[in-house]
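Asker: Mind having a look at this structure? Questions to follow.
The values are calculated or read from the model by the stated rules, or taken from the named source; none is laboratory data. Since the structure is predicted, the reported quantities are computational estimates derived from the model, not experimental observations. For neighbour counting, all protein chains shown are included, and Cβ atoms are generated from backbone atoms with ideal geometry for every residue, glycine included. We work out accessible area using only protein heavy atoms, side chains counted, and drop any ligands, DNA or RNA first. Shrake-Rupley method; radii C 1.70, N 1.55, O 1.52, S 1.80 Å.
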Amino acid sequence: MKLKSYIVSDCVSFTAVVLVLNALHLAGITDTMQGWILYELFLATTVISLLMFFTDKLPIENPVLQILLHLADVAVVVLGLGCGVFHWFPWDPFYVLTSCIIFTVVYLLTHCITLLRNKILSRKINRRLHPHDPEKLPKEDFHG
């Protein structure tokens with residue numbers, strides 16, 4: 001992926017985590033939407049994106065292993081930076097498990113949005129390469 005993709009991913013994941021945490025806050029489940037938390041969250045999503053930039057350079061072809069590696073990147077930052085430095089939650093099994101569930105949901109949302117974005121970009125590229133020849137476009141990409 002190009003650097004621009006990591007920046008977009010950072011912004012999408014920051015937005016997703018803010019929306020998920022705000023929904024939990026409005027439901028009375030958490031009280032995390034206060035003070036400097038938004039800056040801390042943005043720093044964390046940026047560090048995650050940077051970490052993924054470097055781990056994506058590893059020669060891993062298996063998509064499941066790539067997802068697991070990305071989740072490990074997220075876990076290191078959320079648990080290390082979030083819990084260890086920012087003290088977002090205590091090192092209690094309940095809070096660690098809850099945080100793991102939240103960051104997994106946020107990761108999956110970000111991953112799905114990234115896949116959707118890539119599919120849209122692919123369609124645009126195919127249309128530019130074959131603007132007047134619908135036979136050369138993939139069947140699902142041509143809509144008359």
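Asker: Specify which residue in the list 88, 13, 100 is farthest towards the positive end of the charge dipole of the chain, using unit charges on the beta carbon of Lys, Arg (+1) and Asp, Glu (-1), about the Cα centre.
Answerer: 13
Asker: To continue, here is another question. Evaluate the distance, in nm, between pseudo-label points positioned 7 Å from the Cα of residue 116 and of residue 62 along their respective Cα→Cβ axes.
Answerer: Computed distance between label sites residue 116 and residue 62 equals 2.9 nm.
Asker: Report the chymotrypsin sites (Phe, Trp or Tyr not before Pro) located in segment 68-136 that are in a DSSP loop and have at most 10 other Cβ atoms inside 10 Å of their Cβ, or state none. Can you show the working numbers first?
Answerer: On the way: sites: 86, 88, 91, 94, 95, 103, 107; in loops: 86, 88, 91.
Counting only loop positions with at most 10 other Cβ atoms within 10 Å, the chymotrypsin sites (Phe, Trp or Tyr not before Pro) in segment 68-136 are 91.
Asker: Which of the helices in the chain, when you take each full DSSP H run, stretch at least 24 Å along the axis at their Cα atoms and have an average Kyte-Doolittle score of 0.5 or higher?
Answerer: Values: long enough: 3-26 (34 Å, 1.45); 37-55 (26 Å, 1.93); 93-129 (53 Å, 0.75).
Those that pass (Cα extent of 24 Å or more, hydropathy at least 0.5) are 3-26, 37-55, 93-129.
Asker: Over segment 1-116, how many percent of alpha carbon pairs lie in each 5 Å bin up to the one with the longest distance?
Answerer: Histogramming segment 1-116 at 5 Å steps yields 2, 11, 22, 27, 19, 11, 6, 2, 0 percent.
Asker: Taking a probe of 1.4 Å, how large is the accessible area per residue of segment 1-105, in Å²? Don't jump to the answer; show the numbers that get you there.
Answerer: Numbers: 6570 Å² over 105 residues.
With all protein chains present, segment 1-105 gives 63 Å² per residue.
Asker: Given a 1.4 angstrom probe, I'd like the percentage of the accessible area of the chain that is carbon and sulfur, rounded to a whole number. Show your work: numbers first, answer last.
Answerer: Numbers: 6910 of 9740 Å².
C and S fraction of accessible area: 71 percent.
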